[in-house]
1. Looking at the stretch 33-52 only, could you name the residues that are open to solvent by less than 40 Å² (accessible area, probe 1.4 Å) and over 18 Å from the mean Cα position of the chain (by Cα)?
2. Does the stretch 118-125 contain at least one residue that is of a type in the set (A, V, I, L, M), over 30 Å from Thr33 (Cβ atoms) and open to solvent by less than 10 Å² (accessible area, probe 1.4 Å)?
3. Taking the stated definitions as given, is Ala536 touching a Gly at 6+ places or on another chain (Cβ under 8 Å) and not in a loop (DSSP other than H, G, I, E, B)?
4. Out of everything in the stretch 191-236 that is in contact (Cβ under 8 Å) with a residue 24 or more places away in the chain and not in a helix (DSSP H, G or I), what residue ends up being surrounded by the fewest Cβ atoms within 10 Å (Cβ to Cβ)?
5. Examine the stretch 287-304 for a residue that is loosely packed, with under 15 Cβ neighbours inside 10 Å, among the aliphatic types (A, V, I, L, M), over 25 Å from Thr403 (Cα atoms) and modelled with pLDDT under 95, and state whether such a residue exists.
6. Among the residues of the stretch 615-633, is any among the aliphatic types (A, V, I, L, M), under 33 Å from the mean Cα position of the chain (by Cα), open to solvent by 20 Å² or more (accessible area, probe 1.4 Å) and modelled with pLDDT under 90?
7. Can Arg513 be described as among the charged types (D, E, K, R) and farther than 22 Å from Val577 by Cβ?
8. Tally the residues that are open to solvent by less than 70 Å² (accessible area, probe 1.4 Å) and touching a residue at least 24 places away in the same chain (Cβ under 8 Å), restricting the search to the stretch 374-404.
Amino acid sequence: MHISKGPFNLLKQSVPLLLVATLAWLSYQPGITGDLFYDDLSFLGSLAEIETTEEAVRFVNDGAGGPLGRRLALISFLPHADGWPDTATNARQINVLIHLANGLLLFAIGYMILRLRAESSQRVCYWITLSAAWLWLVMPFLASTSLITVQRWTGLAHLFGLIGLAVFVYGYFLQPKSPGRTLLAQGLGLGLGTLLALLTKESGALFPIYALVFDQILLRDLPGSKRLRWVRAGVLLLGLLALLIYLSPFYRDWFAVSAFRGWSSFERLQTQIVLLWQYLYLAFFPQPTAFGPFHDDVELIRGWLLPVLALSGFVLLTVLAVLWRKRSPWPLFALLWFFAGHLIESTVIHLELMFEHRNYLALYGFCLALAAIAWRLPGRYARLGPTLLAVYGLMLWAILLGTTTIWGNRLEAAENWAQRHPNSPRAILHLSSAYYQALGNASYSLPALDRAAEGCAGCTDVRMQAMLYACDRGAAEKEMANRFEQVRQSARDGRASIALLDSFYPLQELLARNSCQPLTAEDALDLVRILLQNPAFSASSYQVHLLFHAAYFAKELNQYEAAMAYLNEAEGMYPQVVPILQQQVHLLMKAGRYDAALDAIERRRPLENRTRLMSDAILDELETAVREATAAGP
């Protein structure tokens, strides 16, 4: 590939590219001073505790961001451990640099694609791919991928995958003369890039599908060995087939309702078809205040009308794009690229319904197609297309700047998100936390939570947080009793929430300090029992968490047999959870039942599904503590 041939020299090529990267970098700077959010806190919070190499290794190995552990992403956070969370701003700077690198890779890939197609001059190819990269880099809809700190695993996975995809596309230049080298280069490049992407985030599995879209839509008619083309297409199709089987009803029950989520795979798929249209609207007709980290207020779409209309729209567009393909392949390419990008996270896997970062690479197909069409309009429209595209790109940049400015102002951002998402418990809880951090007291946090609770009957977590703030400020006993009763009533049929389960930890501390009078551990235990009967908390992951809390409060009431019963029930669900074992051992040792404590430890050793947290070292450490206590005697 040569892009410096003739008068269109390297300097002329570098200056616009550098300008695009610089403007994109500057547009993100106001946002890097933003806040940490729910996944940041849960997945990266232990960075602050890393002081030794062993602790760093444990942080990487214990990562539970996905089925494969996402270790490469977690390794990339280790340099920020010293001083965390104050170093989170630097972490987001790195995220932005990764985003810029991805934009440059997309520029290179797009340029190679256009040169291989040989439909335009070198100069036009350059400006088409630069325009596409610019649109993608400054798309406000993608800001959360860089500004939510932990979403580095999205950006970094795409960095690895795009490097592999770049090698794959470059391999086509070798195709006419050296089929063997072509397959070797493409296989090694795409294979290694996909593997590294997978170890960073599971959506890295999509890169062979992206390669298939390039191969079959844009590069299918290139000269070369027919056998080579069939082998390459066959291997890529096998990758697509494997993924489709994994997602199909042959592998998973589409109609089984998840106790954890409350809906089936088929119901999720119906909702996702509609959300894809919403993604496209938000991406190409953005507003600065429309984007944020909170989408837990998105509800499942019931009924058939909207899903059928949404699906019909995509089918119609795809059919028209197929019919139009001989005149222009770009509409079909954009649609198939978009569908490929959403195969994993926007279909039947029981993930949360909506997140902006799922569109990170999926939208690039539309950017490239839009640029290719705009730069090749016929006749008198030849100059109009690039001009309008430039104006649109500058508008996106200005909106991105407005978006990141909001993100960078923590309190303003929290108020904006709570206003736009009044039914999002996460947004409301984040706002209350922002008020508390800014003012050092609950004078604004408590009213904000109370207003949100009034409009959300099932938001038990919001009422619980309000009660905790009231405890902390020393509210009168009558107020505390009333607030607790509101929590109890809401807990009977309120919606499930991890935040609610986590709020029992600060409640333990407040009760230990007698800061929630007239509430007692008995009241807390009663609340946990109510939640255990709530159908929304019927999933075993919720149940085991609640049983652990029930055991704690039973222990505080000196009900040791009841506490052990709760822990044994929790063990039956998730024997590999370390805190359950630790609590069992603690209670059994306190009762002098050392043999039973050793038995509890030994029951975990043969487990095939032990987590990385429940290592032999942890079990040995507990066993040593029990034997030492046995030797010391009563």
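1. Start the filter on the stretch 33-52 by keeping residues that are open to solvent by less than 40 Å² (accessible area, probe 1.4 Å), which leaves 34-37, 40, 44-45, 47, 50.
Within the stretch 33-52, Leu47, Ile50 qualify.
2. Checked against the condition, which is being of a type in the set (A, V, I, L, M), over 30 Å from Thr33 (Cβ atoms) and open to solvent by less than 10 Å² (accessible area, probe 1.4 Å), the stretch 118-125 yields no hits at all.
3. Yes.
4. Pro223
5. yes
6. Yes, the stretch 615-633 contains a residue that is among the aliphatic types (A, V, I, L, M), under 33 Å from the mean Cα position of the chain (by Cα), open to solvent by 20 Å² or more (accessible area, probe 1.4 Å) and modelled with pLDDT under 90.
7. yes
8. Total satisfying the criteria: 15.
The values are calculated or read from the model by the stated rules, or taken from the named source; none is laboratory data. It should be emphasised that the depicted structure is a prediction, and the values quoted were computed from it without experimental measurement. Glycine gets a Cβ as well: all are built from the backbone with ideal geometry, and neighbour counts include every protein chain shown. Only protein heavy atoms, including side chains, enter the accessible area calculation; ligands, DNA and RNA are left aside. Shrake-Rupley method; radii C 1.70, N 1.55, O 1.52, S 1.80 Å.
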